[in-house]
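Read through the structure below, which is laid out as structure tokens, and then see the notes.
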Amino acid sequence: MAHHSNRQGFARLVDRLNRFPQGAPPSELLNKILAMLFSEEEAGLVSVLPIKPFTAQKAARIWKMRLSQTKKILDRLASRAILVDMECNDQTYYVLPPPMAGFFEFSMMRVRRDLNQKVLSELFFQYLNVEEDFIRDLFTHGDTQVGRVFVHEPVLTNENAVHVLDYEKASHVIRTASAMGVSTCYCRHKMSHIGKACRAPQEICMTFNMAASSLIRHGHARAVDVKEGLALLDQAYEANLVQFGENVQRGVNFICNCCKCCCEAMIAARKFAFLNPIHTSGFMPRLDAQSCIGCGRCVTICPVEAISMVSADDPHQPKRKTVRINPEICLGCGICVRNCAQGALELVSLGKRVITPLNGTHKAVVMAVERGKLQNLIFDNQVLFSHRALAAVLGVILRLPPIKQVLAGKQVKSRYLATLGGWLNPAESE
């Protein structure tokens, strides 16, 4: 009976993870991963925790457990980066992050002796890189994705620099964060255990704000100041790494410095390019065909294979080659511009701004609407820790375009939500 109950605990944990807008498809491999990260008791306890931040008092009521014992368990989970603990108004809040970007990565962001990271890496590789269901679900469902590309700032001309908004620059995130930590790159660390890692820097992936404070407090990240943060960003530029970060304007929690060979985001961008799995920067490279000598350096360096060699159609030089850029695949990262010795490439503004959610709440609601999971944010009584949280969710819904408000109304089947939507859009209610 106990064994059966334990299996149910892990099944409930998988169900709990899939209440997130980005979840984790059930799999025997997922079960093995979770069994390495959670004890059987912990899986059952975490499976009933709220999605939104909660206090130890809230968890104690859910678990029907003494507060002292509850806090001991929560702090133990936070020390292993399963939960993120946050200090706010002299109160500690806890939250279970999604698997990615979240506790999957956190488990590999430092060398640990409490985990067999080689075995865990092999399981991650099979689950994420071979089975592919997780990566497909994470990066290709809905129009709003978990991450976006930051523009490669050093290659911007003075003319183009004026078109860059602050939130589109990794340097701005570094300068304005309340805390910043640097950790081992999860992707390259994972690949090193299976003999597939490249030579790109590993101690270079960045977390910010409350997430950084928690990871630093428990030794999963090293605190760095603005000066060192900017130096690390320069190091990433020199190594031709792509800055892939949280798809929000305010309160960015992570920026990964991604290589083309190890990092899941870049692999997904190549495998599922036609589904636009990553939001691009607001720029695109433009070619000066007369300056291009067809060396192919940009083709080799492009992390998503958006550039190819084609005939230059030069009657005087029949064998001359030039490059072709596929705008449907290009991320607008600018690495190709940096590596063009002839100056034949430059970044130019797309003109039409790429839409980026305002903050984490905005992103979560829009992703939930698009993925059919909005009801989890609103009606699961484990979720909302205050009326203020409900107001935030509804406030985001009411700022959505009319078509997405209709989708939201259908998901929650709420007359209240439909009435509010009709009040803001009278034509829709007639």
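The table below lists the values:
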read-out	value
Potential lengthening between Lys319 and Cys88 on full extension [0.36 nm per residue; Cα-Cα distance subtracted]	76.7 nm
Label zone at Ala289, where the point sits 7 Å out along the Cα-to-Cβ direction: segment 318-357 residues whose backbone N lies under 18 Å	318-327, 343-346
Among Phe272, Leu233, Val252 - extreme Cα towards positive end, dipole of the chain, charges at beta-carbon	Val252
Length released on extending from Arg399 to Leu275, taking residue separation times 0.36 nm less the Cα-Cα span	42.1 nm
Spin-label pair Thr140/Met65, simplified geometry with 7 Å Cα→Cβ offset, distance in nm	3.9
Highest-first arrangement of 42-52, 225-235, where packing means the average Cβ count within 10 Å	42-52, 225-235
Length added when fully stretched, Gln8-Val348, from 0.36 nm per residue minus Cα-Cα	117.0 nm
Cα shape, segment 1-156, gyration tensor, a/c 1.5 rule	oblate
Peptides ranked, highest mean first, by Cβ atoms within 10 Å: ranges 191-198, 171-178	171-178, 191-198
R0 of 22 Å, Cβ-Cβ distance Leu407-Ile355: FRET efficiency to nearest 0.05	0.85
Rounded to 5, percent antiparallel among DSSP beta bridges of the chain	95
Anisotropy class of segment 133-275 from Cα gyration tensor, a/c 1.5 cut	rounded
Length-normalised contact order for segment 137-263 - Cα pairs under 8 Å, 6+ apart - percent	32
Candidate lysines for bridging to Lys404, where Cα separation is under 22 Å - those fewer than 8 sequence places away on the same chain excluded	Lys352, Lys363, Lys373, Lys413
Cα-centred dipole magnitude for segment 283-349, charges only on beta-carbon of K, R (+1) and D, E (-1), debye, nearest 20	180
Relative contact order computed over segment 283-349 (Cα-Cα under 8 Å; 6+ residues apart), in percent	47
Dipole magnitude (debye, nearest 20) for segment 1-155, charges at Cβ of Lys, Arg, Asp, Glu	700
Distance between modelled label sites at Lys32 and Ser79, nm, 7 Å Cα→Cβ extension	2.9
Cβ-derived FRET efficiency at R0 56 Å, Glu328 paired with Glu41, nearest 0.05	0.70
Two-site FRET efficiency, Lys118 against Thr300, from Cβ-Cβ distance with R₀ of 45 Å, rounded to 0.05	0.90
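Just so you know, all these numbers are worked out from the coordinates, no wet-lab data involved. Treat the numbers as computed from the prediction; the structure is a model and nothing was measured. Ideal geometry is used to build each Cβ from the backbone, glycine not excepted, and the neighbour counts take in all protein chains shown.
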